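Enquirer: Below you will find the structure I want to go over with you.
The values are calculated or read from the model by the stated rules, or taken from the named source; none is laboratory data. Please read these numbers as outputs of a predicted model, since none were measured by experiment. Note: ideal-geometry Cβ built from the backbone for every residue, glycine included; neighbour counts use all protein chains shown. Just the protein is used for accessible areas: all its heavy atoms, side chains included, with ligands, DNA and RNA removed. Shrake-Rupley method; radii C 1.70, N 1.55, O 1.52, S 1.80 Å.
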Amino acid sequence: MNILLKSAKIVCPENKELHLKKRDILIKKGIIEKIGASLDAQSNSKVVEKDNLHVSLGWFDSSISFGEPGFEERETIANGLFTAGKSGFTDIILNPNTNPVPDTSSDVVFLKERGQGKATKIYPLGTLTKNANGVDLAELFDMKNAGAVAFYDFKKQISNPNLLKIALLYAQNFDGLVYSFPQDGDIKGKGVAHEGEVSTKLGIKGIPALSEELQIARDLFILEYTGGKLHIPTISSAGSVKLIAEAKKKGLDVSCSVAIHNLFFSDETLEGFDTHFKVSPPLRTKSDGKALIKGVKNGTIDFVTSDHIPMDIEHKRVEFDNAKSGSLGLESAFGGLNTIFELEETIGYLTKGRSRFHIETPELKEGSKACLTLFNPDGEYTFHTTNILSTSTNSMFLGATLKGKVYGIINNDQSIL
């Protein structure tokens, strides 16, 4: 595959010589062969010219769910990877949100093989416990050798503190990364939205921020005792940001992420009882959102994620209390972030995080493998169903005003443009 990108503005702070410069980029057989002010197209090269073309290192997302195996009606791996590529992502962490869950090495191998040879690369998570039931540890070492990059019982708390202690101790033998979802189920109870003024006014059961912060405090105490590596996915409250900042000052090896929708929306959107806005953790207050944005900017929050969760319509077109949590996020990720942050910040957040999972970090220079995202950062638009490429359509961004357009990716000697 030979491609010539014409007049592409490079957004890559890691390469100071090229950062914010307009250049032609020649890619041959998946390798960046030449970067120059004006390059001639060769007879066998595909020339790519786009309005206000910008290019950066390929984007990375640490929390993606599809449906296969078991929930193919929500999303298949093939269409999910195509959607990720068109949304600008070259590398994704795949959640164990399937049926059956991946709790053995053969399950991990299946997921790796289903993503083999695609433009967007899959890095699967294995479950932390067998059947993700929170009782017995799964085959962590075998799954790590099969390609699992970390271990997570998706959106389920680790109720037994001793189980987390054992997991953190055991995983140190092979440099494993353990996830702990930040939610105390007993305090959450039957809550479906943030506990506060809005939930009280609407008469729906609330989930206090305490349920998240208490779980995080417990997990950080255990991490301080055991050592090891802990990742806390999709935090949502100001108190959580403070707890993690304090833990990092102590030198604990902890990382965390935040879902883009928790930066973009608040619980005030629930006043229409639209189940698209039912997510876990829930949308919280505007002041929580401001604290999360500050946490992203100062580095307390390690990476942002789309927290992409396709959900079939049967589980969304019901009463708010009975609807399943989750929203699409891939197609709106760039537009949402680019609306909140400056361009260079947005690209920085979308390209960092790989090293936490021992994924090779790409480079944008001659001689390197082409791992690139193409986009136009300008222009506002209203997000409609026509912008959705996923099989499911459960996006909370429908009707939102976003900024920028993604053209696609070049990666793994392929292109999705």
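Enquirer: Per residue of region 198-213, what does 6.51 cos²θ - 1.76 cosθ + 1.60 with θ = phi - 60° give for ³J(HN,Hα)? Whole Hz please, x for Gly and Pro, Karplus curve as stated.
Expert: 5, 5, 5, 5, 7, x, 10, 5, x, 10, x, 4, 4, 4, 7, 5
Enquirer: Same structure again: Quick one: 3J(HN,Hα) in Hz for region 365-372, Karplus 6.51/-1.76/1.60 with θ = phi - 60°, rounded, Gly and Pro as x.
Expert: Computed from phi, the couplings for region 365-372 are 7, 4, x, 8, 4, 6, 10, 10 Hz.
Enquirer: Using the heavy atoms of the protein chains alone and a 1.4 angstrom probe, what is the accessible area of the chain per residue in square angstrom?
Expert: Here the per-residue accessible area is 40 Å².
Enquirer: Take T382 and V135, extend 7 Å from each Cα along the Cα→Cβ direction, and tell me the distance between the two endpoints in nm.
Expert: 5.2
Enquirer: Semi-axes, largest first, in whole Å: what does sqrt of 5 times each Cα gyration tensor eigenvalue give for region 136-190?
Expert: Details: eigenvalues 108, 28, 13 Å².
Ellipsoid half-lengths, sorted descending, are 23, 12, 8 Å.
Enquirer: By how many degrees, 0 to 90 and rounded to 10, does the Cα axis of helix 105-114 deviate from the longest principal axis of the chain?
Expert: So the inclination is approximately 40 degrees.
Enquirer: Tell me which of T386, G30, F341 sits at the most positive position along the dipole axis of the chain, charges placed on C-beta atoms (Lys, Arg +1; Asp, Glu -1).
Expert: Going by the Cα projections, it comes out as G30.
Enquirer: Taking 0.36 nm per intervening residue step and subtracting the Cα-Cα distance, what contour gain separates L202 from K242 on full extension?
Expert: Once the chain is fully extended between L202 and K242, it gains 11.5 nm.
Enquirer: Here's another thing I want to ask about it. Between S159 and N52, 0.36 nm times their residue separation minus their Cα-Cα distance comes to what?
Expert: This chain segment gains 33.5 nm when fully extended.
Enquirer: Take the Cα radius of gyration of the chain and divide it by 2.2 N^0.38 Å, with N its residue count; two decimals is plenty.
Expert: On the way: Rg = 21.0 Å, N = 417, 2.2 N^0.38 = 21.8 Å.
The chain yields a ratio of 0.96.
Enquirer: How far apart, in nm, are the 7 Å Cα→Cβ label points at L20 and D175?
Expert: Each label point lies 7 Å from its Cα, and together they span 3.6 nm.
Enquirer: If you don't mind, there's one more thing I want to ask. In degrees from 0 to 90, rounded to the nearest 10, what is the angle of the helix 330-340 Cα long axis to the longest principal axis of the chain?
Expert: Between the helix axis and the principal axis of the chain, the angle is about 90 degrees.
Enquirer: Report, to two decimal places, the Cα Rg of region 268-394 normalised by 2.2 N^0.38 Å (N = number of residues).
Expert: Dividing the Cα Rg of region 268-394 by 2.2 N^0.38 Å gives 1.22.
Enquirer: On a C-alpha basis, how far is the centre of region 189-248 from the centre of region 103-164 in Å? Whole number, if you could?
Expert: 23
Enquirer: For region 254-311, with all protein chains present and a 1.4 Å probe, just round the carbon and sulfur fraction of the accessible area to a whole percent.
Expert: Solvent-exposed carbon and sulfur of region 254-311 make up 50 percent of the total.
Enquirer: Can I ask one more? Quick one: which of K156/K250; K28/K112; K86/K248; K286/K352; K229/K294 span more than 31 angstrom between C-alpha atoms?
Expert: In this structure, K86/K248 lie more than 31 Å apart at Cα.
Enquirer: Also, I was wondering about something else. Please list, ordered by chain and number, the residues whose modelled amide H lies under 5 Å from the amide H of I31; skip anything fewer than 5 residues away on the same chain.
Expert: Those qualifying (amide H under 5 Å, at least 5 residues apart or on another chain) are A370.
Enquirer: Here is a follow-up. When all C-alpha to C-alpha distances in region 5-93 are sorted into bins of 5 Å, what percent of pairs does each bin hold, rounded to whole numbers?
Expert: 3, 12, 17, 19, 16, 12, 10, 7, 4, 1
Enquirer: How far apart, in nanometres, would the label points at I313 and L417 be if each is projected 7 angstrom from Cα along the Cα-to-Cβ direction?
Expert: The modelled label-to-label distance comes out at 3.5 nm.
Enquirer: Taking all pairs of distinct Cα atoms, average 1/r, flip it, and tell me the Kirkwood hydrodynamic radius of region 148-231 in Å to one decimal place.
Expert: Taking the inverse mean of 1/r over all distinct Cα pairs, region 148-231 comes out at 13.8 Å.
Enquirer: With just the Cα atoms of region 326-383, tell me how far they stretch along each of the three principal axes, in Å, largest first.
Expert: 39, 29, 17
Enquirer: Could you give the size of the charge dipole of region 63-118 about its Cα centre, using +1 on the Cβ of each K and R and -1 on the Cβ of each D and E, expressed in debye and rounded to the nearest 20? Let's see the in-between values first.
Expert: Values: 5 positive and 8 negative charges, 46 e Å.
Result for region 63-118 is approximately 220 debye, rounded to the nearest 20.
Enquirer: Can I ask one more? Would you mind working out the magnitude of the charge dipole of the chain relative to its Cα centre, with +1 at each Lys and Arg C-beta and -1 at each Asp and Glu C-beta, to the nearest 20 Debye? Please report the intermediate quantities before stating the final value.
Expert: Numbers: 48 positive and 52 negative charges, 169 e Å.
I would put it at about 820 debye.
Enquirer: I'd like the Karplus ³J(HN,Hα) series for region 167-182: coefficients 6.51, -1.76, 1.60, θ = phi - 60°, whole numbers in Hz, and an x wherever there's a Gly or Pro.
Expert: 4, 5, 5, 5, 5, 5, 5, 9, 6, x, 9, 9, 9, 9, 6, x
Enquirer: A further question on this structure: Which pairs, out of K155/K290; K16/K165; K188/K242, put more than 32 Å between their alpha-carbon atoms?
Expert: K16/K165
Enquirer: What dipole magnitude, in Debye to the nearest 20, does region 1-82 give about its Cα centre under +1 on Lys/Arg Cβ and -1 on Asp/Glu Cβ?
Expert: The dipole of region 1-82 has a size of about 600 debye.
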